[in-house]
Amino acid sequence: MFYSGIILITGMLFGCVTSTAPSGPPMCQTSGINGLEDDDTGINEAGSSVSITCESRGGIDPFPQLSWTRSGDELDGDLTTDERTLRTSLALRWTLSDEDDGKMWTCTAAHPDLTQPGSCSVGPIRVLYGPDIVLEPVSAVKDVGEDVTFACSATGNPVVLTTNWLFDNSSTPPNTDRFVVNNNDDGNLEVTVHSVTKADYSMELKCRAESSRGVSEIRAMIVPINETVYSGGHSRHFLSGYVLVLMVLFNITKHFT
């Protein structure tokens with residue numbers, strides 16, 4: 001658990017004025033979050049359930065207005081107020097993902113009797129994840145003789161060590177003239193299949209990424225032009241009279257050590 005906080009100028013109470021400012025800066029409390037980004041013992045796993053709560057004490061008529069941001073992006077939380085204890089809290093509960101790696105959470109407490117709001121912060125935190133692979137496209141409808149290109153990239157913490165293409169589980173293309181692997185201008189690892197053949201439809205063409213956490217793979221599919229392609233809940237039919245349904249576009253397997 002860790003927090004930091006500052007408050008600049010508090011409001012003052014005069015005579016019969018009932019509005020009061022918070023008694024101090026808000027406090028950030030964490031549950032399930034380990035350490036800071038530069039602390040090797042403070043490592044968090046993607047998929048872990050965590051929460052952070054911002055609590056402001058004092059302040060009434062109105063209660064302080066609390067808000068959470070993650071590295072500048074506003075977040076929705078669960079707000080509670082207690083008139084007896086004069087406490088206001090705003091809680092965030094979520095599951096850690098790669099998007100949380102290196103991020104900072106800041107709670108701000110605003111009140112009419114404060115010239116400037118108080119705040120407290122959590123982070124930045126380290127989140128271990130991946131390798132996570134992005135493949136574009138995951139499938140392509142091509143006729144025999146046409147060309148197709150797939151681009152693959154991978155991210156992770158710790159960093160991805162290697163990314164490569166597999167051809168029926170071999171790192172060697174079956175034909176180096178037709179299967180060309182190279183890095184494009186965006187830094188993605190591309191494979192271009194020239195002059196698609198019928199055998200290419202059944203080939204297991206996969207992008208593979210490895211880090212010290214393990215290995216991830218995703219399959220790229222070359223689909224015959226007379227089959228139905230499903231994408232985002234929609235389908236396209238290329239064969240009149242009957243429909244051949246392709247049940248699986250791609251599969252992803254992850255093996256973590």
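The values are calculated or read from the model by the stated rules, or taken from the named source; none is laboratory data. The model shown is predicted, which means the values in this text are computed figures rather than measured ones. Cβ sites come from the backbone with ideal geometry, for glycine too, and all protein chains shown count toward neighbours. Ligands, DNA and RNA are stripped out before the accessible areas are found, and what is left, the full protein with its side chains, is counted by its heavy atoms. Shrake-Rupley method; radii C 1.70, N 1.55, O 1.52, S 1.80 Å.
Largest first, the three principal axis extents of the alpha carbons in region 142-227 are 42, 25, 23 Å in whole numbers.
Expressed as a fraction of 2.2 N^0.38 Å, the value expected for a compact globular protein of N residues, the C-alpha radius of gyration of region 58-195 is 1.76.
Going by accessible surface with a 1.4 Å probe and the largest first, Ile218, Ile133 read Ile133, Ile218. Rolling a 1.4 Å probe over the protein heavy atoms leaves Phe179 with an accessible area of roughly 10 Å².
Using equal-weight Cα scatterers in the Debye expression, the normalised intensity of region 115-156 in log10 at q = 0.17, 0.21, 0.25 Å⁻¹ is -0.70, -0.82, -0.93. Once both labels are positioned 7 Å from their Cα atoms along Cα-to-Cβ, the gap between Ser171 and Thr115 label points is 6.4 nm. The alpha carbon gyration tensor of region 45-87 gives principal lengths a ≥ b ≥ c with a/c of 1.5 or higher and a/b greater than b/c, which makes the shape prolate.
For region 174-218, a/c is not less than 1.5, where a ≥ b ≥ c are the root eigenvalues of the C-alpha gyration tensor, and a/b does not top b/c. That puts it in the oblate class. Each of Asn164 and Glu204 was given a label point 7 Å from its Cα along the Cα-to-Cβ line. The distance between the two points is 1.6 nm.
Karplus-based coupling profile of region 142-153, in residue order and whole Hz: 9, 8, 4, x, 7, 9, 8, 10, 10, 10, 10, 9, with θ = phi - 60° in 6.51 cos²θ - 1.76 cosθ + 1.60 and x standing for Gly or Pro.
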